[in-house]
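Engineer: Encoded as structure tokens, here's the structure I'll be asking about.
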């Protein structure tokens, strides 16, 4: 029997000091009635759903059930079976915490009251990831009560296990058939020779919550003596006498769940440094170390099955990364679960986690930084409305048929290639092998241009096979040549980065401009439509006349002022007419860290030589950081997005202001070297719109301009001095 596909919402509600960090507030889920319709359309049977203690309890025994009543009834009406989560990386409402001696009883009373109100719910995860919550709260000190000692850690693990046992006792008084689905992060630790003793200890400790709940921790348990550092004999006996064996073990596995311990701390950044009373060492993700082979999901899941022989479900599948990384990670976990199931293990489900993405896990939810990782849906839209991604299609397909196809699912996972190792002792380099006929590739035109080279560079970094062709390799205005190349290379997508870009010269070379900017993209669109190949091409903010005070949206009427703008406007119309699945990206004012000819790099070079730099101050634009643009376009292409979209970094600035923003980041802030003029004073031939800044009514994917400029200086590879 193949595993089912379940779904879930990232719902961490953790406490730092007296402040709560609430993923549900960040995602806006509680304010959108339409989310549950989107979830139901995925075709999954079960959903891990937050029914969190802190959401409803202001004082002990005093609840506001209104919102929870509405949401749980809406789930029932839509045929989605909830797996109720009562505490998710939390320490409870303000009247308790993990080290409160009465915490277990207080939590059990909430579980009783919840079950009384919703007796039709059968599946429960009372406390998510007991071990992880205890680590982050009482061993590493990230979350309340911010302890850093083994005694507090042991007491927090024990308290949560006892709370779970008591909670299930109360729930089963009301619903005897209720099931405990106990989740935990599952990984394996490797180490250098010196630290093998710590490795072995950690590999015992990872089972602690499952072992305690199952009544397995007796005097012959390898951690029995360790636990006595925080527990009395009677407390240890309580869990032996009151076992709460999970009906299902929920396995949460992330790319950084596997760890590597290394005493050579100089190889690693300080935030990875730690140690014990014997040795200082770095605790680093195994895939980042370059030192150890990261255990595969299959081997970890099999290890759990062999140890416990209890039915399994993978209860969280999510990764930070590019869209194909997320897709490949879900595929790897799904295939591991299927393989193990075929071998006889009882694997019930795989859960597509973080339906709405996650917030601020880069800081372990300790700071409000608006750091967002998309999930099955992407919330980076003007009103925060969930946008479907390729993962949406993947989840639907796995839920209904058990299979899913995409050209990039044939690729090697990026986290298993050598250059993924961030902290290897010696640099590891490998070159993306040229795509063969068995590997589906992307064809990139404009191989000598800034944009084409950037796509090739970042496709290589993302392990996406590609062909990069310049005009000699492919003249996009030659239909027969286009047809031959497409038939020979058989790409799954074409990115057109070729075209005529000289705005002023276009006034005197209109025929050449229209041939390259209109005829070429039209031919590519028609041939791609014929061969069912995804097609992406680019347009410009110069399709607008600048009379509008607000920033231009996709639905605003085009009215170009110059030849170049007219060529781009015509190209948009012809491409979208020829290929209804084409994606046309309007963008503006490129700058990037890898070429010397862009506006910002020229500006910085000039002022660093103590020369005047002239910048137009009579037009406002939305500059675009090329790496951001390329990554966003690749994600949208993987998502099979289509139509017209604006992609720029969020800004509305004149060229003079843009230059000043960059120069202000230099040590001596030579803004007096910037001379502001009009385009006409600078000798421009073509008319420019006074205001051509772009925004989007579809997606808000790119970061703001300040953020992009900061990364420009961090990633700069050309000399500016």
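The values are calculated or read from the model by the stated rules, or taken from the named source; none is laboratory data. Just so it is clear, the structure is predicted and the values come from calculations on it, not from any experiment. Cβ sites come from the backbone with ideal geometry, for glycine too, and all protein chains shown count toward neighbours.
Engineer: Inspect all residues belonging to the stretch 236-250 and state whether any of them is farther than 30 Å from residue 11 by Cβ, in a loop (DSSP other than H, G, I, E, B), at pLDDT below 95 and not assigned by TED's automatic domain parsing to the domain that holds residue 640.
Structural biologist: From the stretch 236-250, those farther than 30 Å from residue 11 by Cβ are 236-237, 240-241; that's our starting set.
Within this subset, residues satisfying the condition of being in a loop (DSSP other than H, G, I, E, B) are none.
No, there is no match, as no residue in the stretch 236-250 is farther than 30 Å from residue 11 by Cβ, in a loop (DSSP other than H, G, I, E, B), at pLDDT below 95 and not assigned by TED's automatic domain parsing to the domain that holds residue 640.
Engineer: Test each condition in (1) under 19 Å from residue 134 (Cα atoms); (2) without any contact (Cβ under 8 Å) to a residue 60 or more places away in the chain for residue 18 and report the one that comes out false.
Structural biologist: For residue 18, the failing item is (2).
Engineer: Given the conditions (1) buried (at least 18 other Cβ atoms within 10 Å of the Cβ); (2) within 32 Å of the chain's Cα centre (by Cα); (3) over 23 Å from residue 149 (Cβ atoms), which single one is not true for residue 110?
Structural biologist: Going through the list (1) buried (at least 18 other Cβ atoms within 10 Å of the Cβ); (2) within 32 Å of the chain's Cα centre (by Cα); (3) over 23 Å from residue 149 (Cβ atoms), residue 110 breaks only (2).
Engineer: Can I ask one more? List the residue pairs whose Cβ atoms are under 6 Å apart, where the first residue sits in the stretch 502-527 and is at pLDDT 95 or above, the second is in a helix (DSSP H, G or I) and surrounded by fewer than 19 Cβ atoms within 10 Å (Cβ to Cβ), and the two are 6 or more positions apart or on different chains.
Structural biologist: Listed by first residue and then by second, the contacts come to 522/574; 523/479; 527/483.
Engineer: Next question. Would a scan of the stretch 577-597 turn up a residue that is part of a helix (DSSP H, G or I) and at pLDDT 95 or above? Before the answer, list the steps.
Structural biologist: Filtering the stretch 577-597 for residues part of a helix (DSSP H, G or I) gives 577-578.
This time we only want the ones that are at pLDDT 95 or above, so: 577-578.
Yes: the stretch 577-597 contains one or more residues that are part of a helix (DSSP H, G or I) and at pLDDT 95 or above.
Engineer: As an exercise: evaluate residue 316 against (1) outside any helix (DSSP H, G or I); (2) touching a helix residue (DSSP H, G or I) at 6+ places or on another chain (Cβ under 9 Å) and give the number of the one condition it does not meet.
Structural biologist: Exception for residue 316: condition (2).
Engineer: Among the numbered conditions (1) surrounded by fewer than 21 Cβ atoms within 10 Å (Cβ to Cβ); (2) touching a helix residue (DSSP H, G or I) at 6+ places or on another chain (Cβ under 8 Å), tell me where residue 309 comes up short.
Structural biologist: (2)
Engineer: Continuing with the same structure: Conditions first: (1) in contact with a helix residue (DSSP H, G or I) (Cβ under 8 Å, 6 or more places away or on another chain); (2) surrounded by 14 or more Cβ atoms within 10 Å (Cβ to Cβ); (3) assigned to a loop (DSSP other than H, G, I, E, B). Residue 254 passes all but one, so which condition is the exception?
Structural biologist: With respect to (1) in contact with a helix residue (DSSP H, G or I) (Cβ under 8 Å, 6 or more places away or on another chain); (2) surrounded by 14 or more Cβ atoms within 10 Å (Cβ to Cβ); (3) assigned to a loop (DSSP other than H, G, I, E, B), residue 254 is out only on (1).
Engineer: Restrict the check to the stretch 149-161 and report whether at least one residue is surrounded by fewer than 18 Cβ atoms within 10 Å (Cβ to Cβ), over 27 Å from residue 121 (Cβ atoms) and free of Cβ contacts under 8 Å to residues at least 24 places away in the same chain. Can you show your working first?
Structural biologist: To start, the set of residues in the stretch 149-161 that are surrounded by fewer than 18 Cβ atoms within 10 Å (Cβ to Cβ) comprises 149-151.
If we keep only those that are over 27 Å from residue 121 (Cβ atoms) as well, we get 149-151.
Now narrow it down to the ones that are free of Cβ contacts under 8 Å to residues at least 24 places away in the same chain: 149.
Yes, the stretch 149-161 contains at least one residue that is surrounded by fewer than 18 Cβ atoms within 10 Å (Cβ to Cβ), over 27 Å from residue 121 (Cβ atoms) and free of Cβ contacts under 8 Å to residues at least 24 places away in the same chain.
Engineer: Quick check on the stretch 620-627. Is at least one of its residues assigned to a helix (DSSP H, G or I) and surrounded by 22 or more Cβ atoms within 10 Å (Cβ to Cβ)?
Structural biologist: To start, the set of residues in the stretch 620-627 that are assigned to a helix (DSSP H, G or I) comprises 626-627.
From what's left, surrounded by 22 or more Cβ atoms within 10 Å (Cβ to Cβ): 626.
Yes: the stretch 620-627 contains one or more residues that are assigned to a helix (DSSP H, G or I) and surrounded by 22 or more Cβ atoms within 10 Å (Cβ to Cβ).
Engineer: Any residue that is more than 33 Å from the chain's Cα centre (by Cα) and either surrounded by fewer than 22 Cβ atoms within 10 Å (Cβ to Cβ) or not in a loop (DSSP other than H, G, I, E, B) (or both) - is there at least one of those in the stretch 182-189? Spell out the reasoning first.
Structural biologist: Taking the stretch 182-189 first, the residues more than 33 Å from the chain's Cα centre (by Cα) are none.
No: zero hits.
Engineer: Within the stretch 650-680, work out how many residues are in a loop (DSSP other than H, G, I, E, B), over 13 Å from residue 604 (Cα atoms) and over 32 Å from the mean Cα position of the chain (by Cα).
Structural biologist: Of all residues in the stretch 650-680, those in a loop (DSSP other than H, G, I, E, B) come to 651-652, 664-670, 678-680.
The next check asks that each one be over 13 Å from residue 604 (Cα atoms); those that pass are 651-652, 678-680.
Add one more test, that the residue is over 32 Å from the mean Cα position of the chain (by Cα), and what stays is 678-680.
Of the residues in the stretch 650-680, 3 are in a loop (DSSP other than H, G, I, E, B), over 13 Å from residue 604 (Cα atoms) and over 32 Å from the mean Cα position of the chain (by Cα).
Engineer: Here are some conditions: (1) buried (at least 18 other Cβ atoms within 10 Å of the Cβ); (2) closer than 21 Å to residue 527 by Cα; (3) modelled with pLDDT under 90. Residue 435 meets all but one. Which one does it not meet?
Structural biologist: (2)
Engineer: Report, by residue number, each residue of the stretch 410-432 that is modelled with pLDDT under 75 and not in a loop (DSSP other than H, G, I, E, B).
Structural biologist: Within the stretch 410-432, 414, 415, 416, 418, 419, 420 qualify.
Engineer: Another question, if that's okay. Tell me whether the stretch 547-556 contains one or more residues that are at pLDDT below 95, touching a helix residue (DSSP H, G or I) at 6+ places or on another chain (Cβ under 6 Å) and surrounded by fewer than 22 Cβ atoms within 10 Å (Cβ to Cβ).
Structural biologist: no
Engineer: Sticking with this structure for a sec: Within the stretch 681-718, how many residues are on the phi > 0 side of the Ramachandran plot and either touching a helix residue (DSSP H, G or I) at 6+ places or on another chain (Cβ under 8 Å) or part of a strand (DSSP E or B) (or both)?
Structural biologist: Let us first name the residues in the stretch 681-718 that are on the phi > 0 side of the Ramachandran plot, namely 683.
After this cut, where a residue has to be either touching a helix residue (DSSP H, G or I) at 6+ places or on another chain (Cβ under 8 Å) or part of a strand (DSSP E or B) (or both) as well, the list is none.
Within the stretch 681-718, residues that are on the phi > 0 side of the Ramachandran plot and either touching a helix residue (DSSP H, G or I) at 6+ places or on another chain (Cβ under 8 Å) or part of a strand (DSSP E or B) (or both) number 0.
Engineer: Among what's in the stretch 328-379 and is over 30 Å from residue 308 (Cβ atoms) and either outside the structural domain of residue 303 (by TED's automatic domain parsing) or part of a helix (DSSP H, G or I) (or both), pick the residue that is farthest from the chain's Cα centre (by Cα).
Structural biologist: This residue is 363.
Engineer: Of the residues 90, 79, 43, only one is in contact with a helix residue (DSSP H, G or I) (Cβ under 7 Å, 6 or more places away or on another chain) and free of Cβ contacts under 8 Å to residues at least 40 places away in the same chain; which? Break it down into steps so the answer makes sense when it comes.
Structural biologist: Numbers: 90 fails: free of Cβ contacts under 8 Å to residues at least 40 places away in the same chain; 43 fails: free of Cβ contacts under 8 Å to residues at least 40 places away in the same chain.
The unique qualifying residue is 79.
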